[in-house]
1. Quick one: Leu158 ticks every box in (1) among the aliphatic types (A, V, I, L, M); (2) buried (at least 19 other Cβ atoms within 10 Å of the Cβ); (3) without any contact (Cβ under 8 Å) to a residue 40 or more places away in the chain bar one, so which box is it?
2. Among the candidates Ala18, Ala104, Ala109, which residue alone is in a helix (DSSP H, G or I) and modelled with pLDDT under 95?
3. In the stretch 71-92, is there at least one residue being modelled with pLDDT under 95 and aromatic (Phe, Trp, Tyr)?
4. Looking only at the stretch 169-192, which residues are in contact with a Phe, Trp or Tyr (Cβ under 9 Å, 6 or more places away or on another chain) and within 24 Å of Gly135 (Cβ to Cβ)?
5. Suppose the filter is open to solvent by less than 60 Å² (accessible area, probe 1.4 Å), in contact with a helix residue (DSSP H, G or I) (Cβ under 7 Å, 6 or more places away or on another chain) and either farther than 30 Å from Pro132 by Cβ or modelled with pLDDT under 95 (or both); does Ala12 pass it?
6. Evaluate the following for Leu131: is it open to solvent by less than 50 Å² (accessible area, probe 1.4 Å), within 25 Å of Val199 (Cβ to Cβ) and within 15 Å of the chain's Cα centre (by Cα)?
7. I need a count of the residues in the stretch 88-101 that are surrounded by 14 or more Cβ atoms within 10 Å (Cβ to Cβ) and in a helix (DSSP H, G or I).
8. Limited to the stretch 134-147, what total is found for residues that are open to solvent by 30 Å² or more (accessible area, probe 1.4 Å), touching a Pro at 6+ places or on another chain (Cβ under 8 Å) and closer than 22 Å to Glu52 by Cβ?
Amino acid sequence: MTTRTNRMRGVAVAVIAAVRHPLDVADEFADVQEATRRHRRAHRCGAYAYGEGSLPATVAAAVGARRIVEVGTALGYTALAMAHAAPHARVETIEGDAEHVRLARAEIAGRGCADRVDVLHGTAESLLPGLPSDGYDLAFFDGFTPTAEIVGELHRLLRPGGTLLAGNLILGPSPAVGRHLGDPARWRTHSLGETALCVKRG
């Protein structure tokens, strides 16, 4: 990802954050989000924490998730939030950057969640096909920009009635992604701006 694209993403995320704070919601992992910001500034990398961990956490709790797959770990902010909100869930989170994997594993172990949160090192394209079909209650995409291939794999992984949160839709995914997420034969979908909330049809 180029420096220019990183800057553009930062501006877009800041604009969204500035206009969507009608409630003050407690964030048990705000320090991990802040650590992610510090790491990104120091290393000029693509480590971004999702704007508010309360959304994936609340969805994980609402669906009673027992198995969660996440694309885009960064330093583990949303993986921890979902694991905390769904205490019986196992979270498998995918991260391509080896340093981010190391830091995320340390954060997760430090919170006593290493037995329930697995940080998988690799790309979504290489790792998702090896995961079991219909095995997940919740999928959360917070990588850079979703592709049709990744969205298709997440659809395959979810059980009927399973939920997908697809983030970063402001970063210009291909029209094929929009067609997939908006396909009523596949999903019941609601747009939350940069994120789509999609429930897999049976």
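1. Single failed check for Leu158: (3).
2. Ala18
3. no
4. Passing the criteria: His180, Leu181.
5. yes
6. When the stated conditions are applied, Leu131 does not pass them.
7. Of the residues in that region, 2 qualify.
8. Here the count works out to 1.
The values are calculated or read from the model by the stated rules, or taken from the named source; none is laboratory data. Only a predicted model underlies this, so the values are computations on that prediction, with no experimental measurement involved. When we count neighbours, we look across all protein chains shown, and the Cβ atoms used for this are built from the backbone with ideal geometry, even at glycine. Side chains are part of the model used for accessible areas, which takes the heavy atoms of the whole protein and leaves out ligands, DNA and RNA. Shrake-Rupley method; radii C 1.70, N 1.55, O 1.52, S 1.80 Å.
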